[in-house]
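Taken together, the values in this text are just the output of simple stated rules run on the coordinates, not laboratory data. On a predicted model such as this, the values are computed, not experimentally measured, just so you know. Please note: Cβ atoms are built from the backbone with ideal geometry, for glycine as well, and neighbour counts cover all protein chains shown.
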Amino acid sequence: MKRVSMISLLAILSAVAAARADTAQRLAKTVQDYGNSLAVFRCTFEDDLMKQVLVAQAVCIHANNGIGTFLVLGMDGRMNPDRISEAALIAPGVEQKTLRASLLSIDPELDIAFVRASESYPWQAVPFATSSKLAVGQEVVSIGLTPGDPANTPCVAAGYVSAIVRNPRRLVMVAGGQLTQPGSPVFGPDGRAIGLVGQQLFQGYQMVLNESTANVALKSQQQGQCFLPVEEFSHIFQHLGKKRRLAWMGAVRFTGVGAELAEALNLRRPGILIDQVVPGHAADKAGLKNRDVIVEVDGQGVEKLASPELVVQNFMISLFRRNPGESVTLTILRGGAEQKIPVTLESMPAGAHEAARYVSPDLGFVVRERVLLDKYAAQGPADVEGLIVAIVGRNTPAAAGGLQGNDVITNVNAQAVTTADAFRRIVEDALKSDRSKAINLMVRRGTQNLAIAIQPPAK
């Protein structure tokens, strides 16, 4: 019996050793195949009151005659590519080869940037493939650049799929190992990339030490490893290098139907309440009304998720993946009866970051013109004519004068203003004329009208 047990143990140990050797070979092959698919993307972003250097990992998705096109995760979709300068890609290796590059676009939904090298280099493009067959227990491998290493040496990490969750996007959780840094490609067993490492999640844990003792527990936090499967971002490839406008149905402030509202409506399935239809836009033109409840999209029932908030977010994501000009048929509940209403989607109206603005480095603040959606912002500026204060710098004349972000400036030096250009002319003329005199503003803050004086600094 002991002899048999020993033979069995040796067999198990041999199998484990063989499995480890196989994993080691695959890890080494991943580095060999895709070490030249990674780079450091670096650029200077000229923010309104300052310049900042941005650094992130980039992964090559296309290479033609040595010219690589890259994905960069975590770039703010509100950034204007025209305000990016000194863009460069740094190839891995001790030579620290730096190549000129250009930022093509940033996706406004996913904050993923497209970057193209302006110089030739032997880049290796990563082939992305569907991850629909992902299963718990499946081994995955990621490759990234070693953090803190001046040579940006490629490194690998491996783990196992522990869960596939919805929040509402799909996220794949990994346990039993590590993932490399955000923006790294993740590979499945067949050697093809199935996702990108995302910003890691923090998970809270609580363990009761003694059930008989009240309020005694050990609490801790652990960083959860996760990646974004390719299905969550593959749709942006069709917009490679182009500025993408999100689709919009012309309504704001949706509410997921919770238990109480569902009971009041006698609704037995998930629904989304339209709080505000914007007059003159797609939903209004189609005949949708405030308090309509969406129960189907193109014949498919609204998906049930863990909370009403996630249901709404999932619906919005489904719209963002369409293109302006596409038609979507909504089944809505109105007055106890269902109706099918086709809606032709529009382009998302200009956001606050796209509004015309004036930057005053001397006074230390930025103002912008109002945009359509300001009127419907839940906690936005008052619906009055004027310019909105976007930024107030710390330790600046504007801050000393009491100006605050989201204030609405209605007039400057007793002159009404509604455009950034008019504001600029008044302020700059005053500064040229006499810097000893304060710039006098009339400001609307919530329901209050305030007088604020900003003293320019001496030259």
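Separation of the range 123-165 and the range 77-105 by C-alpha centroid, Å? Value for the Cα centre distance between the two parts: 23 Å. The distance linking the range 354-418 with the range 180-200 is 42 Å (Cα centroid to Cα centroid, whole angstrom). Each 10 Å bin from zero holds the following percent of Cα-Cα pairs in the chain: 4, 15, 20, 22, 21, 12, 4, 1, 1, 0, 0. For the range 326-376, the normalised intensity computed at q = 0.13, 0.17, 0.22 Å⁻¹ comes to -0.57, -0.72, -0.87 (log10 of I(q)/I(0), Debye sum over alpha carbons, equal scatterers, no solvent).
The alpha-carbon of Lys437 sits under 17 angstrom from the alpha-carbons of these lysines, leaving out residues fewer than 8 places away in its chain: Lys459. Exceedance of the 29 Å cut-off in Cα-Cα distance is limited, within the set Lys51/Lys243; Lys51/Lys97; Lys243/Lys285; Lys97/Lys133, to Lys97/Lys133.
For the chain, the longest principal axis of the Cα atoms and the long axis of helix 308-320 meet at an angle of about 80 degrees. For the chain, the longest principal axis of the Cα atoms and the long axis of helix 420-433 meet at an angle of about 60 degrees. The aspartates and glutamates whose alpha-carbon is closer than 20 Å to the alpha-carbon of Lys29, local same-chain residues fewer than 8 away aside, are Glu139, Asp190. Normalised by 2.2 N^0.38 Å, where N is the number of residues, the alpha-carbon radius of gyration of the range 352-454 equals 0.99. Taking all C-alpha pairs of the range 247-347, those more than 25 Å from each other amount to 10 percent. Taking the C-alpha atoms only, the angle from helix 2-34 to the longest principal axis of the chain is near 40 degrees. Rg over Rh for the range 290-337 works out to 0.97, both radii taken from alpha-carbon positions and Rh defined as the Kirkwood radius. Using the rule -39500 (n - 2.57) for each DSSP H run of four or more residues, divided by the residues of the chain, the 222 nm mean residue ellipticity is -5500 deg cm²/dmol. Simple point charges give the picture: +1 on the Cβ of Lys and Arg, -1 on the Cβ of Asp and Glu, and for the chain a dipole about the Cα centre of about 400 debye. With just the Cα atoms defining each centre, how far is the range 265-291 from the range 26-72? Give it in Å. If we compute the Cα centre of each part, the gap is 43 Å.
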